[in-house]
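The values are calculated or read from the model by the stated rules, or taken from the named source; none is laboratory data. Since the structure is predicted, the reported quantities are computational estimates derived from the model, not experimental observations. Cβ sites come from the backbone with ideal geometry, for glycine too, and all protein chains shown count toward neighbours. Protein only, heavy atoms only, side chains kept; ligands, DNA and RNA dropped before computing areas. Shrake-Rupley method; radii C 1.70, N 1.55, O 1.52, S 1.80 Å.
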Amino acid sequence: MRKKIVAGNWKMNLNRKAAFQLIETIDSLKFSNNVEVIIAPPSIYLESFLGKVKNFNISSQDVSANDNGAYTGEFSAAMLSSLSLKYSIVGHSERRLYHGETEEMIFNKAKQLLKSNMSPIYCCGELLEDRKSENHFKVVASQLQPLLDNLNSDELEKFIIAYEPVWAIGTGLTAKPSDAQDMHSYIRALIKEKFSSSIADQISIIYGGSCKPDNAKELFSMEDVDGGLIGGASLDADSFSAIINSF
Ligand code: PEP
(Lines give C-alpha, C1' and ligand atoms only; values in the text may rest on other atoms or scores of the structure.)
Protein backbone atom coordinates (compact mmCIF):
# COMPACT_ATOMS: atom_id res chain seq x y z
CA MET A 1 0.00 0.00 0.00
CA ARG A 2 1.33 3.42 -0.97
CA LYS A 3 1.64 6.10 1.67
CA LYS A 4 -1.03 8.80 1.56
CA ILE A 5 0.62 12.15 2.10
CA VAL A 6 -0.57 15.71 2.64
CA ALA A 7 2.25 18.26 2.74
CA GLY A 8 1.82 21.97 3.45
CA ASN A 9 4.27 24.43 1.92
CA TRP A 10 4.11 27.67 3.85
CA LYS A 11 6.52 29.39 1.45
CA MET A 12 7.65 32.81 2.78
CA ASN A 13 4.61 33.46 4.95
CA LEU A 14 3.86 34.05 8.65
CA ASN A 15 5.83 35.97 11.22
CA ARG A 16 7.11 34.15 14.30
CA LYS A 17 3.99 34.56 16.43
CA ALA A 18 1.58 33.50 13.68
CA ALA A 19 3.82 30.60 12.66
CA PHE A 20 3.98 29.23 16.21
CA GLN A 21 0.24 29.62 16.67
CA LEU A 22 -0.49 27.74 13.46
CA ILE A 23 1.96 24.93 14.15
CA GLU A 24 0.52 24.45 17.65
CA THR A 25 -3.03 24.39 16.31
CA ILE A 26 -2.16 21.86 13.63
CA ASP A 27 -0.29 19.71 16.14
CA SER A 28 -3.35 19.60 18.38
CA LEU A 29 -5.57 18.24 15.58
CA LYS A 30 -6.40 14.57 15.20
CA PHE A 31 -5.66 13.09 11.79
CA SER A 32 -6.42 9.65 10.57
CA ASN A 33 -3.46 7.35 11.15
CA ASN A 34 -2.99 6.37 7.57
CA VAL A 35 -2.15 9.87 6.28
CA GLU A 36 1.35 11.19 6.66
CA VAL A 37 1.25 14.94 7.29
CA ILE A 38 4.27 17.08 6.47
CA ILE A 39 4.74 20.82 6.94
CA ALA A 40 7.45 22.86 5.23
CA PRO A 41 7.79 26.15 7.14
CA PRO A 42 10.25 28.93 6.31
CA SER A 43 13.70 27.56 7.16
CA ILE A 44 14.23 30.06 9.97
CA TYR A 45 11.62 28.14 12.03
CA LEU A 46 12.80 24.61 11.26
CA GLU A 47 14.82 23.86 14.34
CA SER A 48 12.39 25.29 16.87
CA PHE A 49 9.45 23.47 15.25
CA LEU A 50 11.28 20.17 15.28
CA GLY A 51 11.38 20.01 19.03
CA LYS A 52 7.73 20.97 19.27
CA VAL A 53 5.57 18.85 17.01
CA LYS A 54 4.39 15.30 17.68
CA ASN A 55 1.82 14.49 15.04
CA PHE A 56 3.56 15.20 11.77
CA ASN A 57 6.88 15.61 9.99
CA ILE A 58 8.69 18.81 9.21
CA SER A 59 10.28 19.43 5.81
CA SER A 60 12.65 22.01 4.42
CA GLN A 61 11.40 24.00 1.42
CA ASP A 62 14.77 23.81 -0.31
CA VAL A 63 18.39 22.70 0.07
CA SER A 64 21.73 23.59 -1.49
CA ALA A 65 23.02 21.60 -4.47
CA ASN A 66 26.50 21.86 -2.90
CA ASP A 67 28.26 20.04 -0.10
CA ASN A 68 29.54 23.00 1.91
CA GLY A 69 31.69 26.10 1.50
CA ALA A 70 31.35 29.63 0.17
CA TYR A 71 27.65 29.67 -0.74
CA THR A 72 26.24 32.62 1.19
CA GLY A 73 22.67 32.17 2.34
CA GLU A 74 22.50 28.46 1.55
CA PHE A 75 22.28 25.43 3.82
CA SER A 76 23.29 21.88 3.07
CA ALA A 77 21.49 18.55 3.20
CA ALA A 78 23.98 17.46 5.86
CA MET A 79 22.89 20.41 8.01
CA LEU A 80 19.23 19.55 7.56
CA SER A 81 19.92 15.94 8.35
CA SER A 82 21.83 16.93 11.49
CA LEU A 83 18.54 18.43 12.71
CA SER A 84 16.95 15.00 12.07
CA LEU A 85 14.86 16.30 9.19
CA LYS A 86 13.64 13.62 6.79
CA TYR A 87 12.33 15.71 3.90
CA SER A 88 13.05 18.63 1.66
CA ILE A 89 11.08 19.98 -1.27
CA VAL A 90 13.20 20.43 -4.40
CA GLY A 91 12.37 21.86 -7.81
CA HIS A 92 9.34 23.88 -6.78
CA SER A 93 8.24 25.97 -9.76
CA GLU A 94 8.91 29.17 -7.78
CA ARG A 95 12.55 28.08 -7.40
CA ARG A 96 12.70 27.25 -11.11
CA LEU A 97 11.11 30.58 -12.05
CA TYR A 98 12.58 33.12 -9.61
CA HIS A 99 15.93 31.49 -8.92
CA GLY A 100 16.70 30.08 -12.35
CA GLU A 101 17.00 26.51 -11.12
CA THR A 102 17.73 24.07 -13.91
CA GLU A 103 17.01 20.34 -14.09
CA GLU A 104 20.68 19.70 -13.34
CA MET A 105 20.67 21.87 -10.20
CA ILE A 106 17.44 20.31 -8.97
CA PHE A 107 18.75 16.81 -9.51
CA ASN A 108 21.97 17.73 -7.69
CA LYS A 109 19.88 18.94 -4.75
CA ALA A 110 18.06 15.63 -4.70
CA LYS A 111 21.36 13.76 -4.78
CA GLN A 112 22.60 15.81 -1.82
CA LEU A 113 19.48 14.78 0.09
CA LEU A 114 20.00 11.11 -0.75
CA LYS A 115 23.59 11.35 0.42
CA SER A 116 22.28 12.55 3.79
CA ASN A 117 19.67 9.81 3.85
CA MET A 118 16.79 12.26 3.34
CA SER A 119 13.78 12.07 1.04
CA PRO A 120 13.27 14.61 -1.74
CA ILE A 121 9.77 15.89 -2.42
CA TYR A 122 10.51 16.33 -6.10
CA CYS A 123 8.29 18.82 -7.92
CA CYS A 124 7.50 18.67 -11.61
CA GLY A 125 4.81 20.23 -13.74
CA GLU A 126 4.16 22.03 -16.98
CA LEU A 127 3.52 25.69 -17.81
CA LEU A 128 0.19 26.78 -19.27
CA GLU A 129 1.69 27.09 -22.75
CA ASP A 130 2.94 23.49 -22.52
CA ARG A 131 -0.56 22.29 -21.73
CA LYS A 132 -2.12 24.42 -24.45
CA SER A 133 0.33 23.01 -26.98
CA GLU A 134 -0.28 19.50 -25.62
CA ASN A 135 3.34 19.12 -24.61
CA HIS A 136 2.59 18.57 -20.93
CA PHE A 137 3.48 14.87 -20.86
CA LYS A 138 6.72 15.53 -22.72
CA VAL A 139 7.70 18.35 -20.34
CA VAL A 140 7.04 16.32 -17.20
CA ALA A 141 8.90 13.32 -18.66
CA SER A 142 11.93 15.53 -19.32
CA GLN A 143 11.83 16.89 -15.76
CA LEU A 144 11.85 13.33 -14.40
CA GLN A 145 14.45 11.99 -16.84
CA PRO A 146 17.45 12.65 -14.54
CA LEU A 147 15.83 10.47 -11.87
CA LEU A 148 14.98 7.70 -14.30
CA ASP A 149 18.40 7.71 -15.94
CA ASN A 150 20.67 8.06 -12.93
CA LEU A 151 19.14 6.51 -9.83
CA ASN A 152 18.89 2.96 -8.64
CA SER A 153 15.66 1.62 -7.20
CA ASP A 154 16.76 2.01 -3.57
CA GLU A 155 17.36 5.70 -4.25
CA LEU A 156 14.16 6.25 -6.21
CA GLU A 157 12.09 4.62 -3.47
CA LYS A 158 13.02 7.48 -1.15
CA PHE A 159 11.28 10.04 -3.39
CA ILE A 160 7.87 11.60 -3.13
CA ILE A 161 6.93 13.04 -6.51
CA ALA A 162 4.76 16.15 -6.54
CA TYR A 163 2.98 16.88 -9.81
CA GLU A 164 2.22 20.59 -9.79
CA PRO A 165 0.94 22.10 -13.03
CA VAL A 166 2.41 25.60 -12.80
CA TRP A 167 -0.74 27.23 -14.18
CA ALA A 168 -2.68 25.88 -11.19
CA ILE A 169 -0.32 27.09 -8.44
CA GLY A 170 -1.79 29.94 -6.43
CA THR A 171 -4.15 30.82 -9.27
CA GLY A 172 -7.38 29.23 -8.08
CA LEU A 173 -7.32 27.07 -11.23
CA THR A 174 -7.14 23.36 -10.48
CA ALA A 175 -6.38 20.48 -12.79
CA LYS A 176 -9.49 18.40 -13.42
CA PRO A 177 -9.25 15.25 -11.32
CA SER A 178 -9.13 13.24 -14.54
CA ASP A 179 -6.24 15.38 -15.87
CA ALA A 180 -4.34 14.89 -12.60
CA GLN A 181 -5.03 11.16 -12.78
CA ASP A 182 -3.80 11.00 -16.39
CA MET A 183 -0.51 12.67 -15.47
CA HIS A 184 -0.01 10.66 -12.28
CA SER A 185 -0.62 7.40 -14.07
CA TYR A 186 1.74 8.52 -16.86
CA ILE A 187 4.46 9.24 -14.26
CA ARG A 188 3.87 5.84 -12.67
CA ALA A 189 4.13 4.19 -16.08
CA LEU A 190 7.49 5.91 -16.71
CA ILE A 191 8.80 4.50 -13.43
CA LYS A 192 7.42 1.07 -14.21
CA GLU A 193 9.04 1.06 -17.63
CA LYS A 194 12.47 2.02 -16.27
CA PHE A 195 12.32 0.12 -12.96
CA SER A 196 9.49 -2.29 -12.14
CA SER A 197 5.82 -2.29 -11.29
CA SER A 198 6.59 -2.98 -7.66
CA ILE A 199 8.73 0.19 -7.43
CA ALA A 200 6.17 2.19 -9.42
CA ASP A 201 3.42 1.00 -7.10
CA GLN A 202 5.32 2.05 -4.00
CA ILE A 203 6.09 5.66 -4.86
CA SER A 204 3.66 8.28 -3.65
CA ILE A 205 2.75 10.83 -6.31
CA ILE A 206 0.98 13.84 -4.84
CA TYR A 207 -0.87 16.67 -6.60
CA GLY A 208 -0.34 20.40 -6.04
CA GLY A 209 -2.12 23.40 -7.52
CA SER A 210 -4.98 25.21 -5.75
CA CYS A 211 -5.95 22.08 -3.85
CA LYS A 212 -8.64 23.16 -1.36
CA PRO A 213 -11.16 21.53 1.00
CA ASP A 214 -13.80 21.65 -1.74
CA ASN A 215 -11.79 19.81 -4.40
CA ALA A 216 -9.43 17.61 -2.36
CA LYS A 217 -11.82 14.69 -1.99
CA GLU A 218 -12.37 14.30 -5.70
CA LEU A 219 -8.66 14.70 -6.48
CA PHE A 220 -7.62 12.22 -3.78
CA SER A 221 -10.18 9.69 -4.96
CA MET A 222 -8.23 9.24 -8.20
CA GLU A 223 -6.38 5.95 -8.30
CA ASP A 224 -2.88 7.38 -8.77
CA VAL A 225 -3.25 10.56 -6.70
CA ASP A 226 -1.73 9.76 -3.32
CA GLY A 227 -2.32 13.09 -1.65
CA GLY A 228 -1.43 16.73 -2.08
CA LEU A 229 1.20 19.43 -1.80
CA ILE A 230 -0.75 22.36 -0.48
CA GLY A 231 0.30 26.02 -0.65
CA GLY A 232 -2.26 28.69 0.26
CA ALA A 233 -4.72 26.39 2.02
CA SER A 234 -2.01 25.07 4.35
CA LEU A 235 -1.85 28.48 6.04
CA ASP A 236 -5.27 27.98 7.58
CA ALA A 237 -5.62 25.16 10.13
CA ASP A 238 -9.28 24.45 9.30
CA SER A 239 -8.68 24.24 5.56
CA PHE A 240 -5.52 22.19 5.96
CA SER A 241 -7.18 19.71 8.30
CA ALA A 242 -10.22 19.43 6.00
CA ILE A 243 -7.84 18.56 3.16
CA ILE A 244 -6.05 15.96 5.31
CA ASN A 245 -9.41 14.41 6.15
CA SER A 246 -10.43 14.24 2.48
CA PHE A 247 -9.25 10.68 1.85
C1 PEP B 1 2.40 25.10 -4.24
O2 PEP B 1 2.95 26.19 -4.28
O3 PEP B 1 3.08 24.07 -4.16
C4 PEP B 1 0.95 25.08 -4.30
C5 PEP B 1 0.38 23.96 -4.65
O6 PEP B 1 0.31 26.25 -4.02
P7 PEP B 1 -1.29 26.48 -3.98
O8 PEP B 1 -1.89 25.34 -3.21
O9 PEP B 1 -1.45 27.79 -3.27
O10 PEP B 1 -1.74 26.51 -5.40
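Summary of computed values
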read-out	value
Pair list, Cβ under 7 Å, 6 or more apart: the stretch 90-102 residue touching a residue at least 12 places away in the same chain (Cβ under 8 Å), other residue open to solvent by 20 Å² or more (accessible area, probe 1.4 Å) and assigned to a helix (DSSP H, G or I)	93/166
Index of the failed condition, residue 173 passing every other in (1) surrounded by fewer than 18 Cβ atoms within 10 Å (Cβ to Cβ); (2) in contact with a strand residue (DSSP E or B) (Cβ under 7 Å, 6 or more places away or on another chain)	(2)
Residue 239 vs. criteria open to solvent by 20 Å² or more (accessible area, probe 1.4 Å) and either among the acidic types (Asp, Glu) or within 16 Å of the ligand (Cβ to nearest atom) (or both)	yes
Evaluation of residue 176 against (1) in contact (Cβ under 8 Å) with a residue 12 or more places away in the chain; (2) within 16 Å of the ligand (Cβ to nearest atom) (one fails), failing number	(1)
Test for residue 78: is it free of Cβ contacts under 8 Å to residues at least 40 places away in the same chain and not in a loop (DSSP other than H, G, I, E, B)	yes
Filter pass, residue 200 being surrounded by fewer than 22 Cβ atoms within 10 Å (Cβ to Cβ), within 20 Å of residue 36 (Cβ to Cβ) and free of Cβ contacts under 8 Å to residues at least 24 places away in the same chain	yes
Whichever residue in the stretch 211-225 is open to solvent by 10 Å² or more (accessible area, probe 1.4 Å) and within 15 Å of the ligand (Cβ to nearest atom) and, among such residues, is nearest to residue 156 (Cα to Cα)	220
Qualifying residue in the stretch 146-164 (condition: within 16 Å of the ligand (Cβ to nearest atom) and surrounded by fewer than 16 Cβ atoms within 10 Å (Cβ to Cβ))	no
Criterion violated by residue 48 - all others in (1) outside any loop (DSSP other than H, G, I, E, B); (2) of a type in the set (Gly, Ala, Ser); (3) within 20 Å of the chain's Cα centre (by Cα) satisfied	(3)
